Amino acid sequence: MKSSPTHFFFKHNSMLLRLLIFILGICSINRSNFCCDQLFATPATNSITPSSFSAIESSLKQLKIEGYFSFKNFDHVAKDFGNRYHFLPLAVLYPKSVSDISATVKHVFNMGTTTELTVAARGHGHSLEGQAQAYQGVVISMESLRAPAMRFHQGELPFVDVSAGELWINILHESLKLGLTPKSWTDYLHLTVGGTLSNAGISGQAFKHGPQINNVYQLEVVTGKGEVITCSEEKNADLFYGVLGGLGQFGIITRARIALQPAPKKVKWIRVLYSDFSTFSNDQEQLISSKDSFDYVEGFVVINRTGLLNNWRSTFNPKDPLFARKFSSEGKVLYCLEVAKYFNPDETANTNQNIDALLSTLNYIESSLFQSEVSYVEFLDRVHVSEMKLQEKGLWDVPHPWLNLLIPRSKIHDFTQEVFGKILTDTSHGPILIYPVNKSKWIKGTSMVTPEEDIMYLIAFLSSAVPSSTGKDGLEHILSKNKKILNFCGKANIGMKQYLPHYTTQEDWKVHFGPRWETFARRKSTYDPLAILAPGHGIFKRVSLLQQQ
């Protein structure tokens, strides 16, 4: 079967595009298919013949499963948030139980090297570059796996056992009924548990609690052999650490035990601006190193944006409206510090005092202080509210050529001096997140790759391309800027690592993993020896006789 690209054309006016750009800046995440006047990226070969497809379809239909397979009308699983890749599978599994997934993977494994059939687990479809797709393979729709239901434990160390196909937003709502909440989040909650744990799950709480992979007690995993294995730090630890941040290479996460803590009800949400990066970064690093700090610390870069503070007024209130009205952001490179403090209503007075004390130690531009008070749910789910508005306008499903980098602290000034204002002269095509995280809070041994230093900066270029545009807001121009940034990092020996990485050759992947490649490759040969799982990353080639001939 050949994939036929579908072209979508959107006509935006500049105001709506700017709205899309600003809102997407809060969101950090995964992958998708290509919706513009350029062809979908597709593999060069079509190895499965009609006769072999018929045989595969017949064999899958004979499997005794509780769910079902679909062999048509599956364009949706060949799409993702990145909107740049469109890999059509042969079949989609909608599992009702873990045994459905195990039986399917085991079936493909037992076919051995006689086929190139692969299997990809797809969550909510937020990959950026087709990583959750399987060209002429089997895609597993993980959101269909909701059984058994969430099970909460409210002891001294509370947790929730949950299906890997469950969305984080649903976990939030259910846990709040018990006065509990997960510790660490991504900025966008409509993602599956298995999807974020296969990457890392980083946001503004990571400096305090580590990423989401740091807050898991136990996993259930279906390996590339079809085995169902329960693993933790104490049991099958090699698989446990390998799967966390393992990009789906060693097994499909089917269930997770997530750490919980008491939940707050309210959030003080604050933004301030800086004109000097050194001052900005010093304040950020001070906050993530303090024992009594904010609960969330992020930031973003603003380049030559007119009327910035006026745009904030719909959500935030300026401390000094008169000074804020006079502030001009046009023609400047500014850095926004975004922080939040969680609290309960009976703690309001003490919380306000604590915030005032924290802010008094910072060196931001005084006229730029904006504050807001919202519920805990409103704060955590802030991106989805904006997404719904953009969906209504047809401005969400566009190409997102995002670039997420981890930069070591010692090189952050070299990076910012070259990139902001030189390579990038404006932020009209998307927001740029920038904030430090402290690796002392991260567990060791996972597959997640980071720079060597204890403090590193996450810098996320969250671009949105205008379909059919050949200008600065077009896909090719944005990809060219991304390439310039990566080329600079290489030439200047920045020591950068990509977050949500995507490479086209195994040699590039070896460079990415560095000295940890040997462990990564060993785990692959142990748990997925035929390289059946997660083909969209392009790390390992499927082992088959066709390749050996």
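The values are calculated or read from the model by the stated rules, or taken from the named source; none is laboratory data. These figures come from a predicted structure and were not determined experimentally. So basically every Cβ, Gly included, is an ideal-geometry build from the backbone, and we count neighbours across all protein chains shown. These accessible areas exclude ligands, DNA and RNA; they are computed on the full protein's heavy atoms, side chains included. Shrake-Rupley method; radii C 1.70, N 1.55, O 1.52, S 1.80 Å.
Below are the figures for this structure:
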{"read-out": "Additional length obtainable on full extension of the chain from Phe152 to Asn487, 0.36 nm per residue less Cα span", "value": "115.9 nm"}
{"read-out": "Residues in the range 53-92 reached by a label modelled at Leu479 [backbone nitrogen below 11 Å; 7 Å Cα→Cβ]", "value": "84-85"}
{"read-out": "Of all DSSP beta bridges in the chain, antiparallel share, percent nearest 5", "value": "90"}
{"read-out": "Cβ-Cβ FRET estimate between Glu378 and Glu507, R0 fixed at 41 Å, reported to 0.05", "value": "0.35"}
{"read-out": "Positive-end residue, the chain charge dipole about Cα centroid, Cβ charges, pick of Gln506, Ile432, Leu176", "value": "Gln506"}
{"read-out": "Anisotropy class of the range 193-299 from Cα gyration tensor, a/c 1.5 cut", "value": "prolate"}
{"read-out": "In degrees, nearest ten, helix 517-527 long axis to first principal axis of the chain (Cα)", "value": "40"}
{"read-out": "Accessible surface of His126 - all protein chains present, 1.4 Å probe, nearest 10 Å²", "value": "20"}
{"read-out": "Local electrostatic count, Lys484, Cβ distance below 14 Å [Lys/Arg +1, Asp/Glu -1]", "value": "+3"}
{"read-out": "Accessible area of the chain divided out per residue, in Å², using a probe of 1.4 angstrom", "value": "40"}
{"read-out": "Neighbourhood net charge (14 Å Cβ-Cβ; Lys/Arg +1, Asp/Glu -1) for Arg257", "value": "-1"}
{"read-out": "Using alpha-carbon coordinates, inclination of helix 14-24 to the longest axis of the chain, degrees", "value": "80"}
{"read-out": "C-alpha long axis of helix 50-61 to longest principal axis of the chain, angle in °", "value": "80"}
{"read-out": "D (Stokes-Einstein, µm²/s), Kirkwood Cα radius, the chain, 1.002 mPa s at 20 °C", "value": "89"}
{"read-out": "Over 18 Å (Cα to Cα) - which of Lys208/Lys235; Lys208/Lys411; Lys64/Lys106; Lys332/Lys484; Lys235/Lys439 fall in this group", "value": "Lys208/Lys235; Lys208/Lys411; Lys332/Lys484; Lys235/Lys439"}
{"read-out": "Area of Ser275 that stays accessible when all protein chains are in place (1.4 Å probe, Å², to 10)", "value": "80"}
{"read-out": "Theoretical gain in end-to-end length, Lys96 to Phe71 [0.36 nm per residue, Cα-Cα removed]", "value": "7.3 nm"}
{"read-out": "Net charge of Cβ neighbours under 11 Å - reference Leu337; Lys, Arg +1; Asp, Glu -1", "value": "-2"}
